[in-house]
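What follows is a single structure, written as structure tokens, with notes after it.
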Amino acid sequence: MTACIGGHPQLSRMERTVVLSVLCFILSVRFCSSQTYVLDDKLGLGRVFDGIGGLSGGGATSRLLVNYAEPYRSQILDYLFKPNFGASLHMLKVEIGGDAQTTDGTEPSHMHYENDENYFRGYEWWLMKEAKKRNPNIILIGLPWAFPGWVGHGKNWPYDFPDITAEYVVKWILGAKMYHDLDIQYVGVWNERSYDSKYIKLLRYTLDKNGLEWVKIIASDNLWEPIAFSLLLDSELSSAVDVIGAHYPGTTTVKEALQTEKKLWSSEDYSTFNDEVGGGCWARILNQNYVNGNMTATISWNLVASYYEELPFGRDGLMTAEEPWSGNYVVESPIWITAHTTQFTQPGWTYLQTVGHLVDGGSYVALTDGKGNLTIVIETMTHNHSVCIRPPLPPFNLTSQNATFQLKGSFAFIKELQVWRSQFNFKTNKPSFFEKLKPLKLLDGSFTLNLAEDEVYTLTTITTAQKGGYPDPPPSARFPKAYKDNFNTPNPLFSEAPYFADQTGVFEYYRNLTDPGLHIFTLRQVVTQRPVTWVADADQTISVIGDYQWQDLTVICDVFIERMYTGGVFIAARVNKGGESVRSAKGVFFWVFADGTYKVTNDLEGQTVLAEGKSGTRAYGWYTLSLTVNGQYASGSLNGYTLWKNAVILNPKNGWAAIGTQSFELAQFDNFAVVAD
């Protein structure tokens with residue numbers, strides 16, 4: 001923060017003046033002058049700021065986080081939620097699990113079946129409590145991506161019986177309070193899918209009927225249109241909806257959304273690889289969502305990249321925590337870019353009307369708490385260093401510039417501002433994030449900054465911020481080459497086993513009362529009806545585990561078929577796809593069926609058969625399957641006896657291990673083991 005051209009110490013004042021005059025004439029006045037931006041509250045304020053948040057779920061994106069050992073798990077949570085430490089998030093949005101694939105995996109429902117309620121499944125309850133423990137004021141939001149099949153009565157549509165769907169969602173909110181003392185403050189409708197006005201009204205009625213008048217509805221978690229038009233035309237619908245939530249709005253809104261006078265949120269945004277360009281994307285949209293689109297909240301998909309990186313949208317979180325077996329995690333640049341806003345504001349602060357774009361590119365926002373505090377956030381991200389994954393970013397130019405800010409109104413008497421800076425330094429590849437500089441002294445409420453390309457500044461009266469940190473976590477390491485789990489330590493019951501990532505169906509700990517000897521606790525696939533899906537779930541259920549680079553390996557597992565005559569289960573190796581692409585997964589799949597047969601296929605759908613024959617397997621009996629893949633050949637055994645061998649596998653060359661069933665059916669697995677070469 002210096003003048004455009006500094007004086008030479010060996011020159012007299014008159015000589016320096018002459019030099020400056022000549023240089024300014026040669027270089028043009030533009031490089032010696034500053035554009036002035038006025039920050040003033042005397043004409044009123046802008047919209048109320050609602051917060052910055054992260055989204056857990058929307059595809060099991062926090063799946064591996066819960067499996068980290070201490071102290072690393074708590075450290076990761078501190079970087080995300082602890083005030084005045086790291087990202088210091090104001091909001092946490094979670095998926096209301098629906099037993100279906102929603103990008104990178106499935107999340108379990110609190111009601112697998114109509115007469116079933118369980119508010120301890122999955123990890124979102126745990127995560128919300130950990131966030132609340134660190135920040136008691138954090139805002140909690142729930143949104144369904146999918147629904148159990150019974151909600152849709154067998155149809156892939158949740159609105160034919162809107163009263164059932166509303167009751168299902170409201171029970172999740174009530175369960176959060178009853179069993180975990182969590183207050184869900186906002187709830188959505190159906191992520192990025194069609195909305196139904198009748199359902200939204202009925203959801204409002206059902207919330208109110210259950211004493212949840214204070215829970216607000218967000219709609220429609222998709223585009224600005226057509227929900228904005230519907231709200232303008234339907235006063236009853238308008239009274240039911242509190243927030244218009246748009247996804248990936250590209251920092252712009254539409255006039256109809258503004259005409260509703262509702263809160264406007266970017267209720268899902270970012271979704272970009274968390275390298276420095278991803279950090280630049282986040283820096284630009286955090287400011288410009290308000291400057292361009294009047295959006296008062298921005299929520300990142302996703303909160304933390306805690307899922308196998310080879311699944312869709314790998315490393316799209318604010319930070320990376322994908323190795324619970326090693327304890328390694330990485331605090332990525334978006335954490336510190338978030339801190340530039342979150343550590344110096346709180347929900348309930350208000351934007352000034354005097355916000356906008358810098359003349360030579362970039363943007364600035366200013367917020368106040370109404371008690372004399374002021375926070376200014378400035379970003380100068382260039383086009384190529386701030387591209388988000390979506391939508392396309394129109395070209396724009398940005399150059400280094402001087403900017404003078406003049407404080408007026410109630411801020412005119414501020415004498416000093418704290419200064420925090422991030423420099424991406426793409427040219428030198430030596431970034432510096434969230435660096436505290438010397439406080440800036442103001443003269444008559446004015447200060448000037450020399451703004452380079454790809455920088456973020458926060459200037460503020462707030463003095464409580466800090467760049468938190470811990471000793472380096474353990475080094476990165478591949479998944480263990482030898483791994484086994486007998487599932488005898490369920491923590492808690494109904495939760496998922498460590499490192500297993502369900503891609504279709506739900507595999508959860510189960511206490512087997514019918515076989516208290518060898519198989520007391522097992523892993524059971526529990527979804528028996530195709531869910532109301534968000535993407536094209538596979539017709540088979542599958543959970544993957546391990547190292548995607550595995551080539552030669554042996555997978556062993558005890559299996560228990562629970563469907564008579566038509567039931568079937570598999571173990572697999574070299575599974576090469578998951579997430580939204582799981583239907584087309586290839587690998588080596590070793591199936592056994594309740595009709596006494598077996599089959600070996602090169603794909604999950606079972607279309608390419610490599611071997612088949614008699615196995616003698618039946619329902620309600622335990623069998624030990626073993627699958628060995630070595631180079632181009634695979635062999636399999638049943639209860640220690642070779643059932644088939646030397647099946648030729650040309651592709652894929654590598655992939656995860658997996659377990660699963662041939663349909664949505666009950667089945668159990670125990671004593672899982674894998675050994676890779």
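The values are calculated or read from the model by the stated rules, or taken from the named source; none is laboratory data. Just so we're clear, the structure is a prediction, and the values are computed from it rather than from any experiment. As a convention, Cβ positions derive from the backbone with ideal geometry for all residues, glycine included, and neighbour counts pool all protein chains shown.
Looking across region 593-630 at every residue that is among the charged types (D, E, K, R) and more than 28 Å from residue 550 (Cα to Cα), the one that is farthest from the chain's Cα centre (by Cα) is identified as 614. In contact with a Phe, Trp or Tyr (Cβ under 7 Å, 6 or more places away or on another chain), closer than 23 Å to residue 117 by Cα and either surrounded by 18 or more Cβ atoms within 10 Å (Cβ to Cβ) or not assigned by TED's automatic domain parsing to the domain that holds residue 146 (or both), is that true of residue 514? Judged against the criteria, residue 514 is not a match. Cβ separations smaller than 7 Å between residues 6+ apart or across chains give no pair from region 70-93 residues that are in the same structural domain as residue 136 (by TED's automatic domain parsing) to residues that are part of a strand (DSSP E or B) and of a type in the set (Lys, Arg). Could you grab me the full set of residues in region 20-62 that are among the polar types (S, T, N, Q) and at pLDDT below 50? Selection gives 21, 28. Scan region 517-535 and tell me whether some residue there is in contact with a Gly (Cβ under 9 Å, 6 or more places away or on another chain), of a type in the set (A, V, I, L, M) and under 13 Å from residue 580 (Cα atoms). Looking for residues that are in contact with a Gly (Cβ under 9 Å, 6 or more places away or on another chain), of a type in the set (A, V, I, L, M) and under 13 Å from residue 580 (Cα atoms), one finds at least one in region 517-535, hence yes. Name, by its number, the condition in (1) outside the structural domain of residue 58 (by TED's automatic domain parsing); (2) in a loop (DSSP other than H, G, I, E, B); (3) of a type outside the set (Phe, Trp, Tyr); (4) crowded, with 22+ Cβ neighbours inside 10 Å that does not hold for residue 361. Against the list (1) outside the structural domain of residue 58 (by TED's automatic domain parsing); (2) in a loop (DSSP other than H, G, I, E, B); (3) of a type outside the set (Phe, Trp, Tyr); (4) crowded, with 22+ Cβ neighbours inside 10 Å, residue 361 comes up short only on (4).
Is at least one residue of region 97-105 under 22 Å from residue 203 (Cβ atoms) and not small (Gly, Ala, Ser)? Scanning region 97-105 turns up at least one residue that is under 22 Å from residue 203 (Cβ atoms) and not small (Gly, Ala, Ser). Residue 292 satisfies every condition listed in (1) crowded, with 24+ Cβ neighbours inside 10 Å; (2) closer than 30 Å to residue 239 by Cβ; (3) not charged (D, E, K, R) except (1). For region 83-128, filtered to residues that are hydroxyl-bearing (Ser, Thr, Tyr) and part of a loop (DSSP other than H, G, I, E, B), the residue that is surrounded by the fewest Cβ atoms within 10 Å (Cβ to Cβ) is 113.
Return yes when residue 304 is without any contact (Cβ under 8 Å) to a residue 24 or more places away in the chain and farther than 17 Å from residue 391 by Cα and no when it is not.
For residue 304, the condition - without any contact (Cβ under 8 Å) to a residue 24 or more places away in the chain and farther than 17 Å from residue 391 by Cα - is not met.
Checking each residue of region 155-163 against the condition of being touching a helix residue (DSSP H, G or I) at 6+ places or on another chain (Cβ under 9 Å), over 30 Å from residue 663 (Cβ atoms) and either in a loop (DSSP other than H, G, I, E, B) or not polar (S, T, N, Q) (or both) gives no match. Applying the criterion of being among the aromatic types (Phe, Trp, Tyr) and either in a helix (DSSP H, G or I) or more than 15 Å from the chain's Cα centre (by Cα) (or both) to the residues of region 272-300, the residue that is farthest from residue 61 (Cα to Cα) is 290. Restricting region 295-307 to residues that are buried (at least 24 other Cβ atoms within 10 Å of the Cβ) and not hydrophobic (A, V, I, L, M, F, W, C), the residue that is nearest to residue 578 (Cα to Cα) is 307. Checked against the criterion of being at positive phi and either without any contact (Cβ under 8 Å) to a residue 60 or more places away in the chain or among the β-branched types (Val, Ile, Thr) (or both), region 329-352 contains not a single residue that satisfies it. Report whether or not residue 572 is in contact (Cβ under 8 Å) with a residue 60 or more places away in the chain and either within 18 Å of residue 674 (Cβ to Cβ) or not in a strand (DSSP E or B) (or both). Against the criterion (in contact (Cβ under 8 Å) with a residue 60 or more places away in the chain and either within 18 Å of residue 674 (Cβ to Cβ) or not in a strand (DSSP E or B) (or both)), residue 572 qualifies. Restricting the search to region 129-140, which residues are surrounded by fewer than 24 Cβ atoms within 10 Å (Cβ to Cβ) and either aliphatic (A, V, I, L, M) or over 24 Å from residue 214 (Cβ atoms) (or both)? Correct list: 138, 139, 140.
For region 379-389, the count of residues that are buried (at least 24 other Cβ atoms within 10 Å of the Cβ) and closer than 28 Å to residue 135 by Cα is nonzero. Those strands (runs of 3 or more DSSP E) of region 420-470 in which at least 2 residues are under 14 Å from residue 333 (Cα atoms) and touching a residue at least 12 places away in the same chain (Cβ under 8 Å), considering only elements entirely within it, cover 432-441, 455-460. Residue 663 falls short on exactly one of the conditions (1) in a loop (DSSP other than H, G, I, E, B); (2) crowded, with 22+ Cβ neighbours inside 10 Å; (3) of a type in the set (Gly, Ala, Ser), and that condition is (2).
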